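Below is one structure; the comments refer to it alone.
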Amino acid sequence: ETVLAVDGLRKIYNEGTDQANLAIDDVSFEVTKGEFVCIVGPSGAGKTTLLRCISGLAPASRGSVMFEGRSLTSVPDELGLVFQDYSRSLYPWFTNARNIALPLAARRIPKAERAERIQDALDSVALSQVGKMYPWELSGGMQQRVAIARSLSYRPELLLMDEPFASVDAQTRFDLEDLILRVRREREITVVLVTHDIDEAIYLSDRIVVLSQSPSVVKEIVPVALGEV
Ligand code: ADP
Ligand code: ADP
């Protein structure tokens, strides 16, 4: 079952001006339900642009993105988003629980269910006790776990992550990688994760989509688990 179908996607920034910049050109790939796909490529290859177009945050110049057979015009409720910069994604003047609660309120989830979803999401990232604390009382890795919990609280079918572990130290990154693998297994969610780190991609994913710089050729690699060799 195809969850995400990207077909002939092109993005030109500042199209029609002398600042026009072709960021991605003719990118196509599909993601099956339950799959963990990593998108890798060098800086400037268009990874973030691709994720923005997939999530509906940026309009594509050409091509289509289908999410569960529907074409995307805005960010759907079944989509979770996690970005690299957790420090800017959490509001410091709100508790962690309220940071998670805000988008749930925007999605009109009733108050009683909100509290249940907040606790469930915090449990999933092993931060059951931090609801009443503020983001700045936590380490960087813990803040990123709160940001992940916020995405999980939407009960997403598809989780899109843009370099989510790039701003933390190596040991924290390994812990977060294992955390996301566990969450993905427990919740049976589909994950598309952007990284410039090929080792991370091999460790995490079922399949790797390689974006190379101009023209944005897409190659696909299937890592083979050592046990299967
Ligand atoms: P990556 O995430 O792989 O580093 P990006 O998607 O950030 O690549 O960038 C791809 C290209 O698009 C680059 O040439 C970059 O300068 C350009 N670009 C990215 N964002 C914008 C923007 N908001 N306006 C204009 N050009 C942009
Ligand atoms: P307030 O108490 O002023 O509503 P909080 O930041 O403490 O502000 O809580 C925000 C929301 O999160 C509320 O809807 C509350 O019910 C819920 N909430 C607060 N703490 C927790 C917690 N530890 N676990 C689950 N939900 C919580």
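The values are calculated or read from the model by the stated rules, or taken from the named source; none is laboratory data. From a predicted model like this one, the values you see are computed outputs, not experimental measurements. Positions of Cβ are backbone-derived with ideal geometry, glycine not excepted, and every protein chain shown enters the neighbour counts. Remember, those area values only see protein heavy atoms, side chains included, never the ligands or the DNA or RNA. Shrake-Rupley method; radii C 1.70, N 1.55, O 1.52, S 1.80 Å.
What to note about this one:
- Accessible surface of the chain, 1.4 Å probe, proportion on carbon and sulfur as whole %: 50 percent
- Helix axis angle, 140-152 relative to the chain longest principal axis, alpha carbon, degrees: 80 degrees
- From helices alone, the chain scores -10000 deg cm²/dmol at 222 nm; the rule is -39500 (n - 2.57) for each run of n ≥ 4 DSSP H residues, then divide by the residue total.
- Sequence-ordered 3J(HN,Hα) estimates for the stretch 26-40 from the Karplus curve with 6.51, -1.76 and 1.60 and θ = phi - 60° stand at 6, 9, 9, 6, 10, 10, 8, 3, x, 6, 10, 10, 9, 9, 10 Hz, glycine and proline given as x.
- Sparsely packed trypsin sites (Lys or Arg not before Pro) within the stretch 109-153, loop by DSSP, other Cβ within 10 Å at most 12: LYS132
- For the stretch 114-187, the share of alpha carbon pairs falling in successive 10 Å distance bins from zero is 19, 56, 25, 1 percent.
- Annotation note: chymotrypsin sites (Phe, Trp or Tyr not before Pro) in the stretch 44-133 located in DSSP loop regions with a Cβ neighbour count of at most 12 within 10 Å are TRP93.
- Structural size metrics of the chain, computed from C-alpha coordinates, are Rg and Dmax of 17.7, 53 Å.
- Compactness check for the stretch 22-109: Cα Rg over 2.2 N^0.38 Å is 1.27.
- In the stretch 160-214, GluC sites (Glu not before Pro) in a DSSP loop with at most 12 other beta-carbon atoms within 10 Å: GLU188
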